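Comments concern the structure below.
The values are calculated or read from the model by the stated rules, or taken from the named source; none is laboratory data. Owing to the predicted nature of the structure, the values given are computational and were not obtained by experimental measurement. We place every Cβ from the backbone using ideal geometry, glycine too, and count neighbours over all the protein chains shown.
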Amino acid sequence: MKFSHTQDQLDLRDAARDYLRGSCTSEALRTLVENNETSLGNWQELAELGLLGYLAAEEQGGLAMSVDGFVLLAEEAGYVALPEPLLEVAGIALPVLSALKTDATNTLVENICAGGQRLMVSHPLNPNLNQLDVADSVLLLQDDGAYLMSATECDLRPADSIDPLRNIQSIKAHPVEKHQLVGKDKVATLDELARQHGALITAAELLGLSAGMINMATEYAKERKQFGNPIGSYQAVKHHLSNAFVALEFARPVIYRAASAVSQNEATAALSVSHAKIAAIDVATLAAETAIQIHGGMGYTFEVDLHLWMKRVWAISGLWGDRNYHAQRVDQALFADSLATGPATTFS
Amino acid sequence: MQLQYTTQQEAFRQEVRSWLDAHVPKQPLPSLDTAEGFELHRDWERTLKSGEWGMITWPEDYGGRGCDLIEWLIFEEEYYRADAPLRVSQNGIFLLGPTLMEFGSPEQKQRFLPPMAAGDEIWAQSWSEPNAGSDMAAIRSKATRITEDGQDYYVLNGQKTWSSRAVFADWAFGIFRTDPESSRHHGLSFILYPLDLEGITIRPIRQLDGDPGFAEIFYDDVKVPVENRLGDEGQGWGIAMATAGFERGLMLRSPARFQRTAQKLIDLYKRSESSLSPRVRESVMQAYLNAEAYCFNTYYTASRLIDGGKIGAEASCNKIFWSELDRRMHRTAMSIMGAYAELSEHDPNAIDAGSWLDGYMFSLAGPIYAGSNEIQRNIIAERCLGLPR
Ligand SMILES: Cc1cc2nc3c(=O)[nH]c(=O)nc-3n(C[C@H](O)[C@H](O)[C@H](O)COP(=O)(O)OP(=O)(O)OC[C@H]3O[C@@H](n4cnc5c(N)ncnc54)[C@H](O)[C@@H]3O)c2cc1C
């Protein structure tokens, strides 16, 4: 029993952190927004850092790391509000595709690791795809099977997100037989894999966004003076921030526990993931509302960066199952399926 | 990350489980805040000692088993699963014990720890004074050093209050002003003293439930040998802060306690499900999730401590989280019981023997004792977030 990350996982997290905080800066994001752009154009660098192939097998050019370490990367991506679809491709689409292990999918996994190609999952819980390029592929999960299509074969329509750094498109696809990877009988496993990774990775990103917003608001409270003192010296302000900090401290291990359950394919993984998503939505909502309150009028503008983080929270909170969807899953386990609860049931 | 128990840990769990199955009293003991209940709880501590379960994380020399924190959490899970009695020795084993381990002389450790683990000496904590609650540095009770027949003593004068279990306990620890010229957190010393010394008067205070769970203590020229000082003279504040850290940190309120409450709440809910609104169901679910979250957080922290990490001001987060969780769970239970909620433990029709009402009252104290939650929020803001004082 050891509830902590391995040194390898922490080292890679640190490397990713240094790179992301050094490159995905406030200035870089502001420039994108001003120019109506959404990409930092750093996909190749993400590949070189090994982030794209984090979850892929070594023989496919990956690092063969597990998803309980990947959530640390997702937190870092959230912390800087990274606009690239790193998590969608490397954290969600890749593990689903890897499960298939055919020659064609193996080649695609290798290309994804090398940064040569990108893949995103289209699913009823993830209807709009972010930064989908004409060169990208789409993994379509439907009731009647899983299909692999190129973006150009799909019917794409630009959608408009409140998050200026999300360039999303709604997608309609009419797959035919040659696109099919697996049929009706085998799609359920892939579908569950996608739901679990989707909700888990999104939860970890929300955690990082929350930490970012709490940090921004704390720094602002140290600088901004009113009545002759920094506003952060006033107790009402302190207590708002402490509440958000406590919520964050207690959400984090919930996400880590779920990540471990998914990586070990535990029987209760889906339940752990639903808990993680609920905890993440709750902390991110609290952190966002706290942060704007502490920024005062400034928080209601484009003058400070907060709005980018806050809008990302709104955008992704409902992806891969909103709070209600996940609450119903927990409800089902707890009240209908008579889940064992109480001391000594948590890890057994 | 390795979230499975080893075979050794599983075997340890089985050992605890079978011992508790054989020894835990079949009927709940009367409240430890009554004279009779206190002694029955002391007997239970002695029974625990007979199986070497008094304080398992301590070294064997001091009456422990040298267990690590994961084994401690396993023990606690089994303890609450078995509905074993509350620990009347908690001020000693959870608060003073670890403090002695860090600051005590070898003689003090040998003198005080074994009887503490055995339930032979039950401890009370005496920090608070009528004018020094949250602002503990405002303490005025004095300890004046004198020499008599070649022996050095402190003479205690003043008053303490809200001292839990002081009505029935054997010993107490507290901080006193040894430097009369000093103010605030300077010039205070940490002193251990028997509660039956001449010059000590104890006045019981009735708590919300009507029992004398804590007391005022008056000191009128009470003579204590200087050997009973823990740490150096004038260093009392720093040591007391370490004790307070243990109180808010990992030991005092382990997750199993709240997981047990959440489990019972689910059961209570299921018994009256048909007549309740969906809002109640939502609160019950949230209780379960938060109790689990507290458990994950504790294992996460324990793993960090085992790897040599330290727990600092984050202990304040813990204290806020468990105390507010406990209050919310009991509030939900009260709302489920409707017109039966008022029935006390003495009423035969009380649901679950009145334990929810009793628990609700005690849960209201959680955000107050061990440093109020407002004070914890100040600490978090200043020490974890670095906001200006
Ligand atoms: C069940 C129970 C058991 C206890 N057991 C013990 C014991 O064994 N030994 C012992 O020594 N003491 C014990 N106490 C006392 C406890 O430590 C104090 O009650 C606590 O520290 C608060 O002090 P106070 O009661 O004087 O309240 P006050 O300090 O007067 O506080 C009253 C209110 O004002 C708020 N407040 C005070 N200062 C500030 C500030 N700076 N900023 C914001 N808000 C503030 C508080 O948060 C609180 O809400 C116990 C208390 C209870 C309820």
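Being within 23 Å of B:Cys295 (Cα to Cα), touching a helix residue (DSSP H, G or I) at 6+ places or on another chain (Cβ under 9 Å) and part of a helix (DSSP H, G or I): is that true of A:Ala344 here? Break it down stepwise before answering.
Details: within 23 Å of B:Cys295 (Cα to Cα): yes; touching a helix residue (DSSP H, G or I) at 6+ places or on another chain (Cβ under 9 Å): yes; part of a helix (DSSP H, G or I): no.
Here the answer is no, as A:Ala344 does not meet what is asked.
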All strands (runs of 3 or more DSSP E) inside segment A:111-162 with 2 or more residues being at pLDDT 95 or above, under 26 Å from A:Glu59 (Cβ atoms) and touching a strand residue (DSSP E or B) at 6+ places or on another chain (Cβ under 8 Å): A:119-122, A:137-142, A:145-150
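Can you find, within segment A:252-308, the residue that is nearest to the chain's Cα centre (by Cα) among those that are among the aromatic types (Phe, Trp, Tyr) and either assigned to a loop (DSSP other than H, G, I, E, B) or within 9 Å of chain B (Cβ to nearest Cβ) (or both)? Show your work before the answer.
First, the residues of segment A:252-308 that are among the aromatic types (Phe, Trp, Tyr): A:256, A:300, A:302.
Filter again for either assigned to a loop (DSSP other than H, G, I, E, B) or within 9 Å of chain B (Cβ to nearest Cβ) (or both), leaving A:256, A:302.
Details: A:Tyr256: 13, A:Phe302: 24 Å.
Within segment A:252-308, the match that is nearest to the chain's Cα centre (by Cα) is A:Tyr256.
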Subset of segment A:1-43 that is part of a helix (DSSP H, G or I) and among the hydroxyl-bearing types (Ser, Thr, Tyr) - its residue that is farthest from the other protein chains (Cβ to nearest Cβ): A:Thr31
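Of the residues that sit in segment B:347-379 and are part of a helix (DSSP H, G or I), of a type in the set (A, V, I, L, M, F, W, C) and near the ligand (Cβ under 8 Å from one of its atoms), which one is nearest to B:Ala137 (Cα to Cα)?
B:Ile375
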Where B:Glu78 falls short, out of the listed (1) surrounded by 22 or more Cβ atoms within 10 Å (Cβ to Cβ); (2) closer than 19 Å to B:Ala302 by Cα; (3) more than 14 Å from every other protein chain (Cβ to nearest Cβ): (3)
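Mind checking which residues of segment A:301-338 are of a type in the set (Asp, Glu) and modelled with pLDDT of 95 or more?
Of the residues in segment A:301-338, the ones of a type in the set (Asp, Glu) are A:303, A:305, A:322, A:331, A:337.
A:Glu303, A:Asp305, A:Asp322, A:Asp331, listed by residue number.
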Single match in A:Glu249, A:Glu192, A:Glu205 (criterion: assigned to a helix (DSSP H, G or I), within 13 Å of another protein chain (Cβ to nearest Cβ) and of a type in the set (Asp, Glu)): A:Glu249
Members of segment B:129-182 found to be part of a loop (DSSP other than H, G, I, E, B), surrounded by fewer than 21 Cβ atoms within 10 Å (Cβ to Cβ), more than 14 Å from chain A (Cβ to nearest Cβ) and near the ligand (Cβ under 10 Å from one of its atoms), listed by number: B:Pro130, B:Asn131, B:Gly133, B:Asp135
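Residues checked against (1) touching a Pro at 6+ places or on another chain (Cβ under 8 Å); (2) away from every other protein chain (no Cβ under 14 Å); (3) farther than 30 Å from A:Ser260 by Cβ:
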{"position": "B:Leu3", "(1), (2), (3)": "no, no, no"}
{"position": "B:Gln8", "(1), (2), (3)": "no, no, no"}
{"position": "B:Gln14", "(1), (2), (3)": "no, no, no"}
{"position": "B:Ala22", "(1), (2), (3)": "no, yes, yes"}
{"position": "B:Asp33", "(1), (2), (3)": "yes, yes, yes"}
{"position": "B:Arg46", "(1), (2), (3)": "no, yes, yes"}
{"position": "B:Gly54", "(1), (2), (3)": "no, yes, yes"}
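Matching residues to (1) at pLDDT below 95; (2) within 16 Å of the ligand (Cβ to nearest atom); (3) buried (at least 16 other Cβ atoms within 10 Å of the Cβ); (4) more than 9 Å from chain A (Cβ to nearest Cβ):
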residue: B:Val280; (1), (2), (3), (4): no, no, yes, yes
residue: B:Asn297; (1), (2), (3), (4): no, no, yes, no
residue: B:Leu305; (1), (2), (3), (4): yes, no, no, yes
residue: B:Met329; (1), (2), (3), (4): no, no, yes, yes
Sole exception among (1) within 14 Å of chain A (Cβ to nearest Cβ); (2) in a helix (DSSP H, G or I) for B:Ile311, by number: (2)
